[in-house]
Each structure stands twice: as C-alpha cells, then as structure tokens.
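**Student:** Let me begin by handing over the structure; questions about it come next.
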C-alpha cells in the first residue's frame, strides 16, 4: 500500500464561524483505494499559499511511501532544507497529512486509530467548551459582558460540561507582550466572579489568554484571579518566552497551560524542563500529528504534567485529538466546539454527550466526512485563519476585542 493522491479542500464555516475563518482539509488516497482524512491547523500564510506548502510536503516526503512509515516521513519533513528544528508552517502541512495516514491505517486494519496507539486507556474523554454567545446575546457585547458570560456558563453546565473557558482580558496585539490595562484586570475579575457564582463547584474555570502579556502584566493579572481558583491560566506570555512563562508559573497560584502555537516534542519538552506549564495544549493539526504528540504525552508523564488538546478548527482535527486522548493516561480534557456545521461535516459521527466524548469504535478516525458539504462552503475571504490586532492596548478607553476571528454578522 502506497500513498498516491492528494486533494485539498479549504472550507469556511458559515456564520457565526466558530473555529476560525477557514479549515484546511486534506484527503489522501492510496493505490489500493483507501481514503484518509486530515486537517492542517496552519495560519501563518494564506490558504492558497498553504495549499502549495501541503502539496510540496506530500510530493517531496510522502508520495509513493507506505503510510505505515510515519516516523520516516516525519523525519524527512522535520529535516527538510537542512533544518531539523520546529517549523510552524511545514509541520502544519505535515500534521494534517499524518492524521490522514492514521485514518488510512485504521481503515486498512479495520480498527480505530487509538487501537494502533496502545489501545483504549480511557472509556470516555472529559470535554470543555469555550463560552459562546447564546441566541439572545449580542455578538459584539458578549465578549465584555460578565453577565452574558455567566448565562452562557450556566447553559454549558446544564448541558453537562464540567469546565468552561473564556478570554476577557483584552487584545492580542502584534506588538508582543503588553501590560494589561487596569480595566482589563477589573473586567477579568468580574468575569471570574460572575461565572463562579453561576456554576459554583459544578465546573472548572479555564482562563484563556493568547500570549498577550509581558511577564509583570501576566503576574499582576494572574494574582488578581487567584481567589476564583481557575483550573488553568492559558498562555499568559508569548509562546517563545519560555523562561518568562516559568516566572509567571512561580508567582501565580494557578496552573499554567500552553501549547496551541507550539509544534513538535522539542518545543513542548522545553516548556516542561523550564517548569513553565503543567498542562500542555497541542493542536494536533499543527503540532506534528498524532504520533509526535503521543511522544509528547509520554514526556509529559515524566514531569507529572497533563494533556488537554486544543481546538479552534474543524471536526477532523477534533477527531484526531479524541484518538490521542483515548490512548494516553495523562489526559485532562479536550476542547470541543459544538456547531451545526461541525456536526454536519462529520455527519454526527462523534458527539459530546452530557459533557463527555465516547471514542468511536469504527475504523480509522471513526468519522464520516461530508465531502459535498465541505466543497459547498469555499473560503472567499482574504484574512488568515486567525489574526493579531495592530493597534496597541487602549489604556484610556478600555478594550473590546472579539478575538482573532470575529464572528461574521450576517
């Protein structure tokens, strides 16, 4: 069996568009006719340019290869161009293709992917959700309203979720880490207070940031949140500032989590060695794929750290996350996004039930991809999957930032 054909579909989730502006889906077919699906979580170049990268990685390192030889193909991509170091764009391309290989292998052996990764360690996976607006909420006002966030949290708990994530702490600016405005700290505390009052001890609070603070600012904000006992403080400083993140970890009594912008075991191991985080959040469509993150999970075990796969993408990456989570002993939880489009794209083949995900038992990733639906929603915009704000933090008027992919209003 050899890898033979590649097809790439860039699909755009309809409004409100949770999961980013577009998803890059790959369809890989072998010479025996088996098809595997993967998803590339890569946004440092536009989708048209990224398609060229994906095609190059496939043709250069994977075409004609046995899909079993994942280690070999990874080393080819990782070493390409005399690099042998983490490369966000190349690994983003390889990761989606690698996921497709596992889907192929599971189908060829008529076993779910997790069965090929050491078997089923976990009968079900704890899910968490970002707090999204309810139907009666204003899509702009929601992101700065503690009251609306509390309503959304109570709704999530009523649906069985035991952990909710939110990010009210101001802009992600391309200028690098900044000192939060005092109004950002006040709002963040108000969010934690309102949500904690709404959910009590029925759910953990997951405080999200996106690497937007300098070290002193992250410490100030984190210490202000301590009375509400969040389960984690996510990516408080830029992802390449490992020692600074470790300083935050030493000065804030909230576990630090990080990882959505990291790739390969090399970067995650650096975080663990520095004591910068206790919870790793790889995005499997970017981080090197399933096998590379299985290795990373093993490294995390040695440091008594846990895994919480990240998701701000489509349901194919989510499926890969679930198979990894099923196979490892140190899974904490897995992010999920429930929209009609996410569900329809995989025809409801994996779902959250009362706050938990039951791993599929069907071969491969266990998903049934609606290829017609994916092609019916092509991406026609010119933005990246996620984007940073150019304007600096506003210390005079406060900040009202909806994130890196604001919801379409149509």
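The values are calculated or read from the model by the stated rules, or taken from the named source; none is laboratory data. Quantities reported herein were computed from a predicted structural model and do not represent experimental measurements. Note: ideal-geometry Cβ built from the backbone for every residue, glycine included; neighbour counts use all protein chains shown.
**Student:** Restricting to the range 236-257, what's the tally of residues that are assigned to a helix (DSSP H, G or I) and crowded, with 17+ Cβ neighbours inside 10 Å?
**Tutor:** Result for the range 236-257: 7.
**Student:** Given (1) in a helix (DSSP H, G or I); (2) surrounded by fewer than 23 Cβ atoms within 10 Å (Cβ to Cβ); (3) touching a residue at least 24 places away in the same chain (Cβ under 8 Å), where does residue 132 come up short, assuming only one miss?
**Tutor:** Going through the list (1) in a helix (DSSP H, G or I); (2) surrounded by fewer than 23 Cβ atoms within 10 Å (Cβ to Cβ); (3) touching a residue at least 24 places away in the same chain (Cβ under 8 Å), residue 132 breaks only (1).
**Student:** Oh, and also: Does the range 68-109 hold any residues that are more than 19 Å from the chain's Cα centre (by Cα), farther than 18 Å from residue 324 by Cα and in a loop (DSSP other than H, G, I, E, B), and which are they?
**Tutor:** Correct list: 69, 80, 81, 82, 83, 84, 85.
**Student:** Being assigned to a loop (DSSP other than H, G, I, E, B), under 25 Å from residue 271 (Cα atoms) and out of contact with any strand residue (DSSP E or B) (no Cβ under 6 Å at 6 or more places or on another chain), is that true of even one residue in the range 46-53?
**Tutor:** No: the range 46-53 contains no residue that is assigned to a loop (DSSP other than H, G, I, E, B), under 25 Å from residue 271 (Cα atoms) and out of contact with any strand residue (DSSP E or B) (no Cβ under 6 Å at 6 or more places or on another chain).
**Student:** As an exercise: evaluate residue 405 against (1) modelled with pLDDT of 95 or more; (2) within 30 Å of residue 294 (Cα to Cα) and give the number of the one condition it does not meet.
**Tutor:** Only one criterion is unmet by residue 405, namely (1).
**Student:** Picking from 316, 337, 331, which residue would you name as being within 15 Å of the chain's Cα centre (by Cα), touching a residue at least 12 places away in the same chain (Cβ under 8 Å) and within 15 Å of residue 124 (Cα to Cα)?
**Tutor:** Matching residue, one of 316, 337, 331: 331.
**Student:** Checking residue 65 against (1) touching a helix residue (DSSP H, G or I) at 6+ places or on another chain (Cβ under 7 Å); (2) under 30 Å from residue 12 (Cα atoms), which test does it fail?
**Tutor:** (2)
**Student:** Oh, and also: Right, residue 271: over 21 Å from residue 99 (Cα atoms) and either crowded, with 22+ Cβ neighbours inside 10 Å or at pLDDT below 95 (or both) or not?
**Tutor:** It is true that residue 271 is over 21 Å from residue 99 (Cα atoms) and either crowded, with 22+ Cβ neighbours inside 10 Å or at pLDDT below 95 (or both).
**Student:** Consider residue 348 carefully, then state whether it is loosely packed, with under 14 Cβ neighbours inside 10 Å and either at positive phi or free of Cβ contacts under 8 Å to residues at least 24 places away in the same chain (or both).
**Tutor:** Criteria met by residue 348.
**Student:** So, residue 84, is that one surrounded by fewer than 16 Cβ atoms within 10 Å (Cβ to Cβ) and without any contact (Cβ under 8 Å) to a residue 24 or more places away in the chain or not?
**Tutor:** It is true that residue 84 is surrounded by fewer than 16 Cβ atoms within 10 Å (Cβ to Cβ) and without any contact (Cβ under 8 Å) to a residue 24 or more places away in the chain.
**Student:** Tell me, which residue of the range 135-178 that is farther than 23 Å from residue 236 by Cα and without any contact (Cβ under 8 Å) to a residue 12 or more places away in the chain is surrounded by the most Cβ atoms within 10 Å (Cβ to Cβ)?
**Tutor:** Here the answer is 141.
**Student:** Considering only the range 88-106, state which residues are surrounded by fewer than 21 Cβ atoms within 10 Å (Cβ to Cβ) and either in contact with a helix residue (DSSP H, G or I) (Cβ under 8 Å, 6 or more places away or on another chain) or modelled with pLDDT of 95 or more (or both).
**Tutor:** Within the range 88-106, just 89 meets the criteria.
**Student:** Any idea which of (1) part of a loop (DSSP other than H, G, I, E, B); (2) in contact with a strand residue (DSSP E or B) (Cβ under 8 Å, 6 or more places away or on another chain) is the one residue 225 doesn't satisfy?
**Tutor:** Unmet for residue 225, out of (1) part of a loop (DSSP other than H, G, I, E, B); (2) in contact with a strand residue (DSSP E or B) (Cβ under 8 Å, 6 or more places away or on another chain): (1).
**Student:** Which residues, taken from the range 112-129, are assigned to a loop (DSSP other than H, G, I, E, B) and either free of Cβ contacts under 8 Å to residues at least 40 places away in the same chain or out of contact with any strand residue (DSSP E or B) (no Cβ under 7 Å at 6 or more places or on another chain) (or both)? Step through it out loud before you land on a result.
**Tutor:** In the first step, residues of the range 112-129 are kept if they are assigned to a loop (DSSP other than H, G, I, E, B); the result is 118-124.
If the condition is that a residue be assigned to a loop (DSSP other than H, G, I, E, B) and either free of Cβ contacts under 8 Å to residues at least 40 places away in the same chain or out of contact with any strand residue (DSSP E or B) (no Cβ under 7 Å at 6 or more places or on another chain) (or both), then 118, 119, 120, 121, 123 are the ones that fit.
**Student:** Which one is farthest from the chain's Cα centre (by Cα) among residues in the range 136-159 that are modelled with pLDDT of 95 or more and assigned to a loop (DSSP other than H, G, I, E, B)?
**Tutor:** So the residue we want is 136.
**Student:** Of everything in the range 374-400, what is surrounded by 17 or more Cβ atoms within 10 Å (Cβ to Cβ) and closer than 16 Å to residue 179 by Cα? Give them in sequence order.
**Tutor:** 389, 393, 399
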